[in-house]
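Working notes, structure below.
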Amino acid sequence: MKKYNFGAGPSILPQQAMKATAEACIDFNGIGLSLMEMSHRSKEFQAVMDEAQALMKELLGVPEGYSVIFLGGGASLEFCMVPYNFLEKKAAYVNTGVWATKAQKEAKLFGEVVEVASSADKNFTYVPKGYTIPTDADYLHITTNNTIYGTEIFTDIDSPIPVIADMSSDILSRPVDVSKYTMIYGGAQKNLAMAGVTFVIVKDDMLGKVSRTIPTMLDYRTHQKKGSMFNTPPVIPIYSAMQTLRWIKQEGGVKEMDRRASERADLLYAEIDRNKFFRGTAVAEDRSRMNICFVMNDEYKDLEAEFLSFALENGMWGLKGHRDVGGFRASCYNAMSVEGVKALIACMQEFEKKH
Ligand code: PMP
């Protein structure tokens with residue numbers, strides 16, 4: 001039976017990228033060596049790094065004056081590197097969930113943090129709007145897609161101060177005006193690659209402005225100057241990123257990813273809204289296209305476990321919602337096919353008929 005992976009991350013990747021990565025682990029480019037055993041300084045791996053960086057720039061339309069860096073440590077390490085490198089006195093954070101809260105917590109180690117807006121009052125089911133951005137803060141930090149709660153910021157906000165965005169779970173799902181950001185970062189294990197690599201897109205001339213001494217490995221300039229090769233980078237995850245980026249390009253780029261994301265989300269939310277068993281948890285206007293969160297209506301709550309097993313029996317993998325929200329979360333990243341979403345909808349309808 002065909003399995004559909006709705007897991008939130010690590011998550012579905014294009015088949016083509018997974019196959020090519022598996023192959024490179026055994027025999028890279030027909031050289032007769034695994035990519036695992038090859039020097040990251042080899043010209044062969046340098047070509048992988050160069051192509052991955054170039055494709056990120058090309059697909060996202062990264063302007064001149066920005067660098068694409070690949071690091072280890074996950075998005076969680078960026079929570080600390082961001083304030084280390086950018087917070088001189090004060091930073092502004094928008095709190096839209098667990099990850100945004102964690103980012104903010106790290107910033108507090110480095111200076112004053114103003115929480116300019118929060119949706120904690122309603123368990124992060126919406127994205128706060130209409131807040132005032134303090135013009136004396138060093139930067140504004142936002143999380144564009146809230147993986148756990150299924151809310152998303154779809155527009156590149158206008159801000160009087162530099163914007164730094166965690167785009168771990170919606171990078172490459174829509175065109176972004178990179179020039180409106182000082183930095184964009186994220187863990188790769190949703191839309192980009194297998195786990196183990198973090199992407200950073202940073203405006204070069206914004207680096208080196210804080211007065212503190214930054215440990216070498218935590219200083220973005222180290223990695224920017226050395227082209228992500230200051231130390232041994234996660235070679236296989238970077239290779240899988242390159243393969244995923246090739247796939248995105250071949251499929252029509254981020255515009256096409258954007259179209260597909262809307263197609264999938266429109267179909268699934270329509271079923272959630274129609275089917276009397278289910279209801280979405282996020283407010284309609286902020287509903288994420290990447291993580292579609294829904295629960296069973298109160299009168300059917302005791303059927304949740306049954307639906308989960310029914311869905312699993314029908315090949316729907318990774319649907320269980322995060323414990324903070326409960327219910328179900330259908331993560332529909334770039335590599336999820338519209339067929340996968342239709343199969344899930346068929347499953348929801350079948351369940352409705354059964355009861
Ligand atoms: N930010 C967001 C929005 C996330 O979804 C996640 C992981 N799910 C993280 C940060 C943390 O990423 P990592 O595990 O790479 O540290």
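The stretch 215-235 and the stretch 102-142 have Cα centres separated by 28 Å.
Looking only at G253, G73, G30, which one moves most when the chain is put into a Gaussian network model with springs between Cα atoms under 10 Å? So, out of G253, G73, G30, the one fluctuating most is G30. So how far apart, in nm, are the two label points at K102 and L218 if each is 7 Å from Cα heading toward Cβ? Reported label-point gap for K102 and L218 is 1.7 nm.
For the pair R274 and E350, the difference between a 0.36 nm per residue extended length and the Cα-Cα distance amounts to 26.0 nm. Where only DSSP H runs of four or more residues are counted, the chain gives -11500 deg cm²/dmol as its mean residue ellipticity at 222 nm, each run worth -39500 (n - 2.57). With the cut-off at 31 Å, tell me which of the pairs K255/K320; K89/K190; K108/K225 have Cα atoms farther apart than that. From the list (K255/K320; K89/K190; K108/K225), the Cα-Cα distance tops 31 Å for K89/K190. Taking Lys and Arg as +1 and Asp and Glu as -1, the other residues whose beta-carbon sits under 14 Å from that of S168 total -2.
Each Cα pair under 8 Å and six or more residues apart adds its separation to the average, and for the chain the resulting relative contact order is 24 percent.
Which of the GluC sites (Glu not before Pro) across the stretch 24-105 are loop residues per DSSP, with 11 or fewer other Cβ within 10 Å? Loop-located and lightly packed - E64. Simple point charges give the picture: +1 on the Cβ of Lys and Arg, -1 on the Cβ of Asp and Glu, and for the chain a dipole about the Cα centre of about 300 debye. Placing unit charges on the Cβ atoms only, positive for Lys and Arg and negative for Asp and Glu, gives the stretch 253-354 a dipole magnitude near 200 debye about its Cα centre. Between the stretch 3-43 and the stretch 279-348, the alpha-carbon centres lie 29 Å apart.
Look at the dipole of the chain built from charges on Cβ: of F79, Q104, I161, the Cα furthest out on the positive end belongs to F79.
Give the relative contact order (percent, whole number) for the stretch 122-170; include only Cα pairs under 8 Å separated by 6+ residues.
44 percent
Note on the chain: GNM, Cα springs under 10 Å; of K122, K190, K203, the largest mean-square fluctuation is that of K122. Applying a DSSP loop filter and a limit of 14 other Cβ atoms within 10 Å to the GluC sites (Glu not before Pro) in the stretch 191-297 leaves nothing. With each label modelled as a point 7 angstrom along the Cα→C-beta vector, the E263-M18 pair spans 2.1 nm.
Values quoted throughout were computed directly from the atomic coordinates according to the rules given, and no laboratory measurement underlies them. Keep in mind that this is a model prediction, so the values were computed, not measured. Glycine also receives a Cβ, built like all others from the backbone with ideal geometry; neighbour counts cover every protein chain displayed.
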